[in-house]
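Read-outs: derived from the displayed coordinates by stated rules, not from any lab. If you're wondering where the values come from, they're calculated on a predicted model, not measured in any experiment. Here the Cβ is made from the backbone with ideal geometry for all residues, glycine too, and neighbour counts use every protein chain on show.
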Amino acid sequence: MSKITQSARNEECQVRLIGICNHNSETTVFAHYRKGGLGGMGKKPKDIFGAYACSACHDVLDGRVKAEMDLFTLDSEFKSAVLRTQEILVNKDLIKGI
């Protein structure tokens, strides 16, 4: 487990899906964004491409739980969460800002 994935522990969910998010930082994990050619068959993408997600949001992102949300909106929310998480990671000195 990398320092970035470990950094998710007890962090606020950055995905924040309305009506889904449990807002429980005790359940937060690092959810990897797997679309757009990132990663590969059975391989996670680099940790820079991920977001802090509570267990409820993570279940929806990974498809374990279905949500009444179109795929475009879900993808857009996940991308926004990745950017918010990257800002946190820069502030924690886990990645470098430019």
#### Entry: Sequence-separation-based contact order of the chain, relative, with Cα cut under 8 Å and 6+ spacing, percent
29
### Summary
At 20 °C in a medium of viscosity 1.002 mPa s, the stretch 42-94 has a Stokes-Einstein diffusion coefficient, with Rh taken as the Kirkwood radius over alpha carbon pairs, in µm² per second, of 178
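Of the cross-linked pairs K43/K96; K35/K92; K3/K44; K3/K66; K66/K92; K43/K92, which ones have a Cα-Cα span greater than 22 Å in the structure shown?
K43/K96; K35/K92; K3/K66; K66/K92; K43/K92
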### Query
Can you list the HN-Hα couplings for the stretch 11-27, worked out from phi with the Karplus curve (6.51, -1.76, 1.60; θ = phi - 60°), rounded to whole Hz and with x for Gly and Pro?
8, 6, 4, 9, 7, 6, 5, 4, x, 10, 3, 8, 6, 10, 5, 5, 9
### Query
Can you pull the three principal axis extents for the Cα set of the chain, in Å, largest first?
36, 30, 24
### Query
Quick one: Karplus J couplings for the stretch 67-75, per residue in order, coefficients 6.51, -1.76, 1.60, θ = phi - 60°, nearest Hz, x for Gly and Pro?
10, 7, 8, 5, 5, 4, 5, 4, 5
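Which of the peptides 45-51, 28-34, 89-95, 58-64 is most tightly packed, and how do the rest follow, going by the mean number of other Cβ atoms within 10 Å of each residue?
On the way: 45-51: 19.0, 28-34: 21.1, 89-95: 13.7, 58-64: 16.3.
Peptide ranking by packing, descending: 28-34, 45-51, 58-64, 89-95.
Given the Cα-Cα distance of Q6 and E26 and 0.36 nm per residue of separation, how much length would full extension add, in nm?
5.9 nm
Just in the stretch 6-76: which GluC sites (Glu not before Pro) are loop by DSSP and have at most 12 other Cβ atoms within 10 Å? All intermediate terms of the calculation are to be shown ahead of the outcome.
Working: sites: E11, E12, E26, E68; in loops: E11, E12, E68.
Answer in residue order: E68.
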